[in-house]
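The values are calculated or read from the model by the stated rules, or taken from the named source; none is laboratory data. Remember, it's a predicted structure, so these values are computed and weren't measured experimentally. Positions of Cβ are generated from backbone atoms using ideal geometry, with glycine treated the same way; all protein chains shown enter the neighbour counts. The protein model used for the area step is the full one, side chains on, heavy atoms only, and it has no ligands, DNA or RNA in it. Shrake-Rupley method; radii C 1.70, N 1.55, O 1.52, S 1.80 Å.
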Amino acid sequence: MVVPLEMHWRELLFANWPLPPETVAAHLPDALDVDTFEGEAWLSVVPFTNAAVRPRGVPERFGVDLPELNLRTYVDVDGTPSVYFFSLDAEGIAGVLGARLFHHLPYYYARITHESRGHRNRFVNHRRHPGARPADFRASYEPTEGEVETGTGTLADFITERYRFYTEAPDGTIRYSNVSHDRWPLSRADVTIEGNSLFRANGFADPESDPVHFYSPGVRIAASASRRR
């Protein structure tokens, strides 16, 4: 990133699938090691609205709201648990181009609707980025009263409590940013996924296992400038 950013991630679904570590590792840059929970690697599809995105220190009212969808996995780099983004779909052509050119992030332009009616969220993503593989995602989700254990050693902790993310820039260099946020408030979720081609768009076969779902109303996030590893 050119400058540090602040934002508010809102109304998130974490849809998480276990995969064999070697399957995920084959899609990672050589410099990154896949991280595992109970012997499994994990892929997560995360739809949400990235709200009030702005340079750090700018008042929130001047930020922009962008619905977003990402496919991510979990890596360990020199002992630091981190996130690795395979792709990020977002509304806003200017924002997508800026993120790709200056922030070294694999963003794709997409037409996205994210609507909340009561507690129910409806999220529809259609990738429209020139030259990119099509990627559609359609789902509805809402929190339920099911309890989520979030302490150390739980899957929820493994998925969400990470404070660095990595990407591979178009020139092949590995970039990272540090992030800060409060612990994620999580609940179980009632989820209906009507369509999802995000795995195939990123070179994965559709997982055969059932996903584990978490819902979060969101947290405020601060991200550092992008750095080269």
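General remarks:
- Length gained when the stretch Glu40-Glu145 is fully extended (0.36 nm per residue, less Cα-Cα span): 35.1 nm
- 1.4 Å probe accessible area per residue over the chain, in Å²: 47
- When DSSP beta bridges are restricted to pairs lying wholly in the chain, around 95% turn out antiparallel.
- Of Glu145, Glu115, Glu11, the residue with the greatest mean-square motion in the GNM of the chain, using alpha carbon springs below 10 Å, is Glu145.
- Under-5 Å amide H pairs with Tyr166, H placed in peptide plane, nonlocal only: Val83, Tyr84, Phe85
- Each of Asp65 and Ser209 was given a label point 7 Å from its Cα along the Cα-to-Cβ line. The distance between the two points is 3.6 nm.
- Cβ charges +1 (Lys, Arg) and -1 (Asp, Glu), total dipole of the chain, debye: 1160
- Computed over the alpha carbons of the stretch 74-229, Rg followed by Dmax gives 16.5, 46 Å.
- Carbon + sulfur, % of accessible area of the chain - ligands and nucleic acids excluded, 1.4 Å: 49
- Residue-span extension gain [Ala132 to Arg111] - 0.36 nm each, minus C-alpha spacing: 6.2 nm
- Debye equation applied to the C-alpha atoms of the stretch 1-144, log10 I(q)/I(0) at 0.18, 0.20 Å⁻¹: -1.19, -1.34
- Of Ala132, His104, Thr173, farthest towards positive along the dipole that unit charges on Lys, Arg, Asp, Glu beta carbons give the stretch 52-191: Ala132
- Based on Cα contacts under 8 Å between residues 6+ apart, the stretch 126-213 shows a relative contact order of 38 percent.
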